[in-house]
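Enquirer: Let me give you the structure first, and then I'll get to my questions.
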Amino acid sequence: MNVIVVGLGRMGTGLARKLDRQGYNVCAVDQDPERLELLGDGFAGRKVCGVGIDRDVLEKAGIERASAVVSCTTSDETNIVIARIARDSYRVPRVIARMYDVSKAETYRRLGIQTISTTDWGVRRACELLTYHQQDSVLAVGTGEVQIVRADVPTLLEGHTVREISAIGEVKVVAVSHNSQTSIPTEGTVLGHGDVVYAAVASSAQEKFAHMLGKSE
């Protein structure tokens, strides 16, 4: 996969390095040559110095052959412009734009541009940690109708089966971690001390699921 990362702040630099280590063909773009150099000698990808909204710069980076473009400069407006150019002019299959203001995220998603926000994630994660008791939302699917939830198995559910959790309806246990080993369970899988379950929980069943865990303390 050919990936172009535009903007080498902390996020862009970390992403470019990680993708490079994972074997992707990465081209890093930034208008500051010093940031390009900070990728280090271990970075095997390409480096292009220039402004990301410049089509000549993007073409030099190989956007015509790109499988994905991630724009993560410090400007929302710049990131969206780059994403629109990549999506509309060069038909890049996967386009991601970093945004600090997520109020327009849904609009851009409908245009085929995925948005990410470390600020939004941080706020949600802090709230989760402050309100955490026995379950923790790992991933929201769609617009939140389904949550992938991680939950510690309470004492009174030890020795019971996955089937008993699923019996409350609109809950599907998709994985169980036991002694640091995670596997896909069957309905007959028995839950043990210290186990962690990962369950797909519909929004309408979240209260029931939380109540089930609470009753089992």
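The values are calculated or read from the model by the stated rules, or taken from the named source; none is laboratory data. This one's a predicted model, so the numbers in the text were calculated from it and none came from an experiment. In this analysis, Cβ positions are derived from the backbone assuming ideal geometry, glycine residues included, and neighbour counts consider all displayed protein chains. Calculation scope for accessible area: heavy atoms of the full protein, side chains included, ligands and nucleic acids excluded. Shrake-Rupley method; radii C 1.70, N 1.55, O 1.52, S 1.80 Å.
Enquirer: Looking only at region 84-115, count how many residues are more than 25 Å from E64 (Cβ to Cβ) and touching a Lys or Arg at 6+ places or on another chain (Cβ under 7 Å).
Expert: Qualifying residue count for the region: 0.
Enquirer: For T74, work out the one condition from (1) touching a residue at least 60 places away in the same chain (Cβ under 8 Å); (2) crowded, with 18+ Cβ neighbours inside 10 Å; (3) touching a Gly at 6+ places or on another chain (Cβ under 7 Å) it doesn't fulfil.
Expert: Going through the list (1) touching a residue at least 60 places away in the same chain (Cβ under 8 Å); (2) crowded, with 18+ Cβ neighbours inside 10 Å; (3) touching a Gly at 6+ places or on another chain (Cβ under 7 Å), T74 breaks only (2).
Enquirer: Okay, next question. Determine which single condition A167 fails, assuming it passes every other condition in (1) of a type outside the set (D, E); (2) loosely packed, with under 15 Cβ neighbours inside 10 Å; (3) modelled with pLDDT under 85; (4) closer than 20 Å to V138 by Cα.
Expert: Among (1) of a type outside the set (D, E); (2) loosely packed, with under 15 Cβ neighbours inside 10 Å; (3) modelled with pLDDT under 85; (4) closer than 20 Å to V138 by Cα, the lone unmet condition for A167 is (4).
Enquirer: Suppose we keep only residues that are of a type in the set (G, A, S) and either modelled with pLDDT under 75 or in a loop (DSSP other than H, G, I, E, B) (or both) within region 97-125. Which one would you say is farthest from G14 (Cα to Cα)? Can you show your working first?
Expert: Here is the first cut: in region 97-125, the ones of a type in the set (G, A, S) are 97, 103, 105, 112, 117, 122.
Retained after the next criterion (residues that are either modelled with pLDDT under 75 or in a loop (DSSP other than H, G, I, E, B) (or both)): 112, 117, 122.
On the way: G112: 24, S117: 15, G122: 17 Å.
That would be G112.
Enquirer: A further question on this structure: Is region 143-151 home to any residue that is closer than 28 Å to E77 by Cα, at pLDDT below 80, open to solvent by 70 Å² or more (accessible area, probe 1.4 Å) and not in a strand (DSSP E or B)?
Expert: For region 143-151, residues closer than 28 Å to E77 by Cα, at pLDDT below 80, open to solvent by 70 Å² or more (accessible area, probe 1.4 Å) and not in a strand (DSSP E or B): present.
Enquirer: Would you confirm, using the coordinates I've provided, whether R94 is at pLDDT 80 or above and not acidic (D, E)? Working first, answer last.
Expert: Values: at pLDDT 80 or above: yes; not acidic (D, E): yes.
Answer is yes for this residue.
Enquirer: So, one more: Return yes or no: is A200 assigned to a helix (DSSP H, G or I), more than 21 Å from T155 (Cβ to Cβ) and open to solvent by less than 70 Å² (accessible area, probe 1.4 Å)?
Expert: no
Enquirer: Something else now. Going through region 179-197 one residue at a time, which ones are open to solvent by less than 80 Å² (accessible area, probe 1.4 Å) and touching a residue at least 12 places away in the same chain (Cβ under 8 Å)?
Expert: The answer is P185, G188, T189, L191, G192, G194, D195, V196, V197.
Enquirer: Moving on. Which pairs do you get when a residue that is at positive phi, found in region 33-58, comes within reach of a residue that is open to solvent by 100 Å² or more (accessible area, probe 1.4 Å), reach meaning Cβ atoms under 8 angstrom, with the pair 6+ apart or on two chains?
Expert: G50/Q31; G50/D56; G50/K60
Enquirer: With the condition being open to solvent by less than 70 Å² (accessible area, probe 1.4 Å), I'd like the helices (runs of 4 or more DSSP H) fully within region 1-68 carrying at least 3 qualifying residues. Even if it seems obvious, please write down each step before you answer.
Expert: Details: elements: 10-21, 33-37, 55-60.
Ranges flagged: 10-21.
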